[in-house]
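Student: My structure is below; once you've seen it, I'll send some questions.
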Amino acid sequence: MHDLKEKIKAEAANLGFSFCAFTAPSRPVHYQQYLEWLSGGYAAGMDYLKNDRTMEARANPAALLPGAQTLIVLGYPYKCQAVSEARNQYHGAPTGRIASYALYQDYHQFLRDKSKLFAAEIDRISGRKNHFLFFVDSSAILEKDTALMAGAGWIGKNSLLITPGYGSFQYLAIVLTDLVIDIDEPFTTDLCGQCRRCIAACPSGCITENHNVDANRCIAYLTIEHKGIIPGDLRAVMGDRIFGCEECQIVCPHNDHLLISNNQDSGLLIDPNVDLSREMDLSAEEFKSKYAGTPVTRATFQGFRRNLIIAMGNSRSQACLPVLENTLFHDPSWFLRLHAAWAIMAIMGQNAHPILINASRHETDKRVEAEILTLINGQNLG
């Protein structure tokens, strides 16, 4: 049995996985804390997490596959583009930041395909036809808890899995199988110790004291999953982040050796320097074409444009005003007009009042009118 396990791990390494670990398909060790996180409202608008079928599967992964015996946890590393907010000028134009993981091919299908190749190797090594289910960040499996139970690493204060030697810059894939494999010992040491760098670095203060994150305040959630209005007090702290946020990972000492300088990776599908004004000129089809095959499309065209507008406001650059004024007066989306009003005010301060008053005279949407009135009265600037 041990020999089988080592051969499987060797095949995982051959396929580029950073680790391969095994655990039983049992109740996750932090399942009760997960329920408390949900009931506390920390999942924000991710109501799909509360689906009854999903909840049952999270509590009992073995029920997902008849005869399930083993959960195999796989890690796949990616490089972090260590770009600071100080780099917000590209050829003189304000730019926005996209989280490192989204600069590459979308990991969901990529890892699923690689996991299936891995499973085929397991069949070959074991000499039998096994049954498998594959999960890549879109399933009922609590991936980070499963990885901890398999001994792959510990859950950091920022709620992310941290693996010795590989830090937190990894995608996770889970394979559930009916093949019996010796399981690994769980990881029981919290190597974060007294370190609080991630908590101190979080721009929005979304990291709670119990190794969890309040999604209502998390910039990654707001710029990707949240499709509505960004709360006024959170717009300024978004800075130049237009898709995702990784501040808590960049400052983590377990990731220090993994950071690379901007544009040093030939595997990038997206230029990390996103010119905000030029990006606003993209049509819906051009956005879809440019970001095809990357995670960025999850933000949706309108959500991404909202993020660009907020980053423009935070740039405090007068060069952004023509685009923002055109959006405020002519864009058919009330949603974007509302955020454009905020961005103009963020750049111009009280000097924006004449522009906003003029816009309010032509505005037909009550929500935008209310936003403009709030801004003129000196509120909602964060």
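The values are calculated or read from the model by the stated rules, or taken from the named source; none is laboratory data. Everything numeric here is computed off the predicted structure, so don't read it as measured data. Cβ atoms come from the backbone with ideal geometry, glycine included; neighbour counts cover every protein chain shown.
Student: For region 309-320, give me the residue count where each residue is assigned to a helix (DSSP H, G or I) and surrounded by fewer than 17 Cβ atoms within 10 Å (Cβ to Cβ).
Tutor: Result for region 309-320: 2.
Student: Do we find a residue being under 23 Å from the mean Cα position of the chain (by Cα), without any contact (Cβ under 8 Å) to a residue 24 or more places away in the chain and not in a helix (DSSP H, G or I) anywhere in region 286-305?
Tutor: yes
Student: Testing D145 on (1) more than 17 Å from the chain's Cα centre (by Cα); (2) more than 22 Å from R112 (Cα to Cα); (3) not in a loop (DSSP other than H, G, I, E, B), one condition comes back false. Which one is that?
Tutor: Every listed condition holds for D145 apart from (2).
Student: Could you check, for region 203-223, whether at least one of its residues is outside any loop (DSSP other than H, G, I, E, B), out of contact with any Pro (no Cβ under 9 Å at 6 or more places or on another chain) and among the polar types (S, T, N, Q)?
Tutor: yes
Student: Pairs under 9 Å by beta carbon, first residue over 18 Å from F17 (Cβ atoms) and free of Cβ contacts under 8 Å to residues at least 60 places away in the same chain in region 168-186, partner of a type outside the set (A, V, I, L, M) and surrounded by fewer than 22 Cβ atoms within 10 Å (Cβ to Cβ), six or more apart or different chains?
Tutor: E185/G151
Student: Return the only residue of L308, L321, L338 being of a type in the set (A, V, I, L, M, F, W, C) and more than 24 Å from Y221 (Cβ to Cβ).
Tutor: On the way: L308 fails: more than 24 Å from Y221 (Cβ to Cβ); L338 fails: more than 24 Å from Y221 (Cβ to Cβ).
The conditions single out L321.
Student: With K114, K129 as the choices, which residue is in contact (Cβ under 8 Å) with a residue 24 or more places away in the chain and not hydrophobic (A, V, I, L, M, F, W, C)?
Tutor: K114
Student: Among the residues of region 151-162, is any under 18 Å from the mean Cα position of the chain (by Cα), within 29 Å of C80 (Cα to Cα), modelled with pLDDT under 95 and not in a strand (DSSP E or B)?
Tutor: The answer is no; no qualifying residue exists.
Student: Run R217 past the list (1) among the charged types (D, E, K, R); (2) surrounded by fewer than 21 Cβ atoms within 10 Å (Cβ to Cβ); (3) closer than 30 Å to F304 by Cα; (4) free of Cβ contacts under 8 Å to residues at least 24 places away in the same chain and report the number of the one that doesn't hold.
Tutor: (2)
Student: Do we find a residue being modelled with pLDDT of 95 or more and under 27 Å from the mean Cα position of the chain (by Cα) anywhere in region 345-355?
Tutor: Looking for residues that are modelled with pLDDT of 95 or more and under 27 Å from the mean Cα position of the chain (by Cα), one finds at least one in region 345-355, hence yes.
So that you can scan it fast, the table gives a plain yes or no per residue for (1) without any contact (Cβ under 8 Å) to a residue 40 or more places away in the chain; (2) more than 19 Å from F135 (Cβ to Cβ):
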position	(1), (2)
G16	no, no
C20	no, no
T23	no, no
Y34	no, no
W37	no, yes
G40	yes, yes
G45	no, yes
Y48	yes, no
D52	yes, no
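Student: Do you know which of the residues in region 60-77 that are in contact with a Leu (Cβ under 9 Å, 6 or more places away or on another chain) and surrounded by fewer than 19 Cβ atoms within 10 Å (Cβ to Cβ) is nearest to S138 (Cα to Cα)?
Tutor: L64
Student: Here is a follow-up. Does region 177-211 hold any residues that are of a type outside the set (A, V, I, L, M), modelled with pLDDT of 95 or more and under 17 Å from the mean Cα position of the chain (by Cα), and which are they?
Tutor: Once the filter is applied, which keeps residues that are of a type outside the set (A, V, I, L, M), modelled with pLDDT of 95 or more and under 17 Å from the mean Cα position of the chain (by Cα), region 177-211 yields C198, C202, P203, S204, G205, C206.
Student: Quick test for you: out of A21, A43, A13, pick the one residue that is surrounded by fewer than 16 Cβ atoms within 10 Å (Cβ to Cβ), under 26 Å from the mean Cα position of the chain (by Cα), among the small types (G, A, S) and closer than 28 Å to F110 by Cβ.
Tutor: Exactly one residue qualifies, and that residue is A13.
Student: Additional query: Filter region 74-102 down to residues that are aliphatic (A, V, I, L, M) and either under 15 Å from the mean Cα position of the chain (by Cα) or over 17 Å from I250 (Cα atoms) (or both) and give me whichever is modelled with the lowest pLDDT.
Tutor: A93
Student: When you look at T146, is it on the phi < 0 side of the Ramachandran plot, β-branched (V, I, T) and touching an Asp or Glu at 6+ places or on another chain (Cβ under 7 Å), yes or no?
Tutor: Values: on the phi < 0 side of the Ramachandran plot: yes; β-branched (V, I, T): yes; touching an Asp or Glu at 6+ places or on another chain (Cβ under 7 Å): no.
No: the conditions fail for T146.
Student: Then there is this: Would you say E143 is surrounded by fewer than 18 Cβ atoms within 10 Å (Cβ to Cβ), within 21 Å of Q249 (Cα to Cα) and among the charged types (D, E, K, R)?
Tutor: no
Student: Before we move on, is C245 buried (at least 17 other Cβ atoms within 10 Å of the Cβ), free of Cβ contacts under 8 Å to residues at least 40 places away in the same chain and part of a loop (DSSP other than H, G, I, E, B)?
Tutor: On the way: buried (at least 17 other Cβ atoms within 10 Å of the Cβ): yes; free of Cβ contacts under 8 Å to residues at least 40 places away in the same chain: no; part of a loop (DSSP other than H, G, I, E, B): yes.
Considered against the rule, which asks whether it is buried (at least 17 other Cβ atoms within 10 Å of the Cβ), free of Cβ contacts under 8 Å to residues at least 40 places away in the same chain and part of a loop (DSSP other than H, G, I, E, B), C245 comes out as no.
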